[in-house]
1. From the list A249, A228, A192, A177, exactly one residue is surrounded by 20 or more Cβ atoms within 10 Å (Cβ to Cβ) and either farther than 30 Å from P306 by Cα or touching a Phe, Trp or Tyr at 6+ places or on another chain (Cβ under 9 Å) (or both). Which is it?
2. From the list S82, S111, which residue is assigned by TED's automatic domain parsing to the domain that holds S134, surrounded by 14 or more Cβ atoms within 10 Å (Cβ to Cβ), within 30 Å of I166 (Cβ to Cβ) and not acidic (D, E)?
3. Quick one: M230 ticks every box in (1) touching a residue at least 60 places away in the same chain (Cβ under 8 Å); (2) not in a helix (DSSP H, G or I) except a single one, so which number is it?
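The values are calculated or read from the model by the stated rules, or taken from the named source; none is laboratory data. Remember, predicted model here, so these are calculated numbers, not experimental data. Positions of Cβ are generated from backbone atoms using ideal geometry, with glycine treated the same way; all protein chains shown enter the neighbour counts.
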Amino acid sequence: MVKRAPARRRPRKAKPASKGFSPAECQMQEPAGAAGEAAQAVQKAGGCIVGSYKEPLGGHPLLVAILPIDAIEPTPFQRDLSDAHHKRLADVINKTGRFLDPVIAIMAPKSGFWTPNGRHRLEAMRRLGAKSISALVVADREVAWQILALNTEKAHNLKERSLEVIRIFRGLVDEDASRPESRFAFYLDEAALVSLGICYERAPRFGGGAYHPILRRLETFTDEPLGAAMKDHEKHALMVLDLEEKVAAVVKRLKERGLVSPYLRSFVVARINPLRWIQGEPPPLEDVLKTMRERATKFNVEKIKPQDLAGAAGPPDEEA
């Protein structure tokens, strides 16, 4: 039996001024250890260190650096670039004539630096023709995985979140597939997003919103190694995509009968979802998906009336 990861709990609100370091304690002498290696990497890339300190919560060393703009790239697993967003940022930076929000930078696996949270700011500065960019250099590479939980600068829709999570998951597998999946639950947010991310990779216009509540209820992070967990997510994703083909066929037949609604897919998925009637512990995800597939195959569109759709809700069919 697969052991599930423990549920996440938010920390209680701490007493005022009870944690972290005072301003004087945040002062740092010459960077040493991992911070020293990061400082050498900055110099090797043609940049310069303009300051260093211990961040005030955990006391981890940070370097304030100016990097050549060509020495830094976005991590390969974050959300896709928004053309409108980076152009709007460029306009704002150009009007103020100041770049005041340094990107976070970590050392890339081979050479140069990655920024896990500054893709749009980096692209905006490149659009303006900047030679260099200011950065907070973090010596700990694992921050690249943690940044998903820290990055709140733009609300993600389900597709963006899912694609970002599967890219992080693949990066973790490439780095060391033997580590337990549950170790990275905080960074990955929901196990369901891993499977949905695979679905979106294979079918960009996939309507994941209709299936998200089911996967979110039944998929959890486990103590299985990342490599084995990836195979499980891939299996689930293929089952969901196979189910989606059957659901799409039902939606098509409903439209041919003149039934029109932006929530047809969600309506069909709700009708074939056995979880609506199950009390207590639900069956495994694979059993639920098999049941839904059978029900979709036998779905009788002749019994559906326009008034049945009146109370339908959920994500619109063309979510992507």
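1. Testing whether each residue is surrounded by 20 or more Cβ atoms within 10 Å (Cβ to Cβ) and either farther than 30 Å from P306 by Cα or touching a Phe, Trp or Tyr at 6+ places or on another chain (Cβ under 9 Å) (or both) leaves just A192.
2. Result of the check over S82, S111: S82.
3. (2)
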